[in-house]
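The values are calculated or read from the model by the stated rules, or taken from the named source; none is laboratory data. Note that the coordinates shown come from a computational prediction; the quantities given were computed from them, not determined experimentally. For neighbour counting, all protein chains shown are included, and Cβ atoms are generated from backbone atoms with ideal geometry for every residue, glycine included. Remember, those area values only see protein heavy atoms, side chains included, never the ligands or the DNA or RNA. Shrake-Rupley method; radii C 1.70, N 1.55, O 1.52, S 1.80 Å.
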Amino acid sequence: MTADHLPEPTDSDAPGKAPSTRPGLTSTGARKASAKSARTRAREFALQALYQHLVGRNDATAIDHFTRDLSGFHKADAVHYDALLHGCIDEAERLDGLVVPLLDRKLAEISPIEHAVMWIGVYEFLHCLDVPWRVVLNECIELAKEFGGTDGHKYVNGVLNGLAPSLRQDEVAADAARSKPGGSAGRGS
């Protein structure tokens, strides 16, 4: 084989890096910035802002102004960001009230990143009914993987997966019915 027939090297071909098996992912499995939707970006900025609120107890308006000035914010869905930031802060007590019964430790012992990700997930379950529950769950797991601790995404998954059947009852039940053997999945109309 001649050199003109060799594929161009990519970042994943670098020594010591596993090749990416899916387009749009980095060698570590994280989504590349170019593959992120405006809503995904809104969740990322909302997470950063909620972290500032949880850790620094900063005012929502000051956090909002700071976050909007960050590089890349123009690519985010600003309406979704607003809903998440202000909705989570305004409903913090309610969101915590839904999360706490599923925790195996005190809320104060939960990482602020995982805490904020769970707020985002619960808020979207309650108020963003246009976003399927599995999308909410997956987006929150991805946020926790990218920004949280080593196994924080597993914790977020367990809590949000535990809440989904009560917060999105009909949607979760319909998914369960489709996935059961002998269910309506794969049948003609």
> Which numbered condition trips up Ala83, out of (1) under 14 Å from Phe45 (Cβ atoms); (2) in contact with a helix residue (DSSP H, G or I) (Cβ under 6 Å, 6 or more places away or on another chain); (3) of a type in the set (A, V, I, L, M)?
Replying inline: (2)
> Only one of these conditions is not met by Ala49: (1) modelled with pLDDT under 90; (2) open to solvent by less than 40 Å² (accessible area, probe 1.4 Å); (3) out of contact with any strand residue (DSSP E or B) (no Cβ under 8 Å at 6 or more places or on another chain). Which number is it?
Replying inline: (1)
> What are the pairs, 6+ residues apart or on separate chains, where a residue within region 32-46 that is on the phi < 0 side of the Ramachandran plot and surrounded by fewer than 20 Cβ atoms within 10 Å (Cβ to Cβ) has its Cβ under 8 Å from a residue that is at pLDDT below 90 and of a type in the set (Val, Ile, Thr)?
Replying inline: Lys32/Thr26
> Does Val117 satisfy the condition of being farther than 20 Å from His80 by Cα and open to solvent by less than 10 Å² (accessible area, probe 1.4 Å)?
Replying inline: no
> Within region 76-86, is there a residue that is of a type in the set (A, V, I, L, M, F, W, C), surrounded by 14 or more Cβ atoms within 10 Å (Cβ to Cβ), at pLDDT below 95 and in contact with a Phe, Trp or Tyr (Cβ under 7 Å, 6 or more places away or on another chain)?
Replying inline: yes
>> Condition check: open to solvent by 10 Å² or more (accessible area, probe 1.4 Å) and not acidic (Asp, Glu). Does Thr67 satisfy that?
In response: no
>> Suppose we filter region 54-70 for residues that are touching a residue at least 40 places away in the same chain (Cβ under 8 Å) and either of a type in the set (Lys, Arg) or within 12 Å of Cys88 (Cα to Cα) (or both); how many remain?
In response: 1
> Just a yes or no: is a residue in region 96-113 polar (S, T, N, Q) and either part of a helix (DSSP H, G or I) or surrounded by fewer than 16 Cβ atoms within 10 Å (Cβ to Cβ) (or both)?
Replying inline: no
>> Among the listed residues His153, His127, identify the single one that is out of contact with any strand residue (DSSP E or B) (no Cβ under 8 Å at 6 or more places or on another chain), closer than 25 Å to Asp64 by Cβ and either free of Cβ contacts under 8 Å to residues at least 12 places away in the same chain or surrounded by fewer than 21 Cβ atoms within 10 Å (Cβ to Cβ) (or both).
In response: His127
> How many of the residues making up region 19-31 are open to solvent by less than 60 Å² (accessible area, probe 1.4 Å) and either β-branched (Val, Ile, Thr) or modelled with pLDDT of 85 or more (or both)?
Replying inline: 1
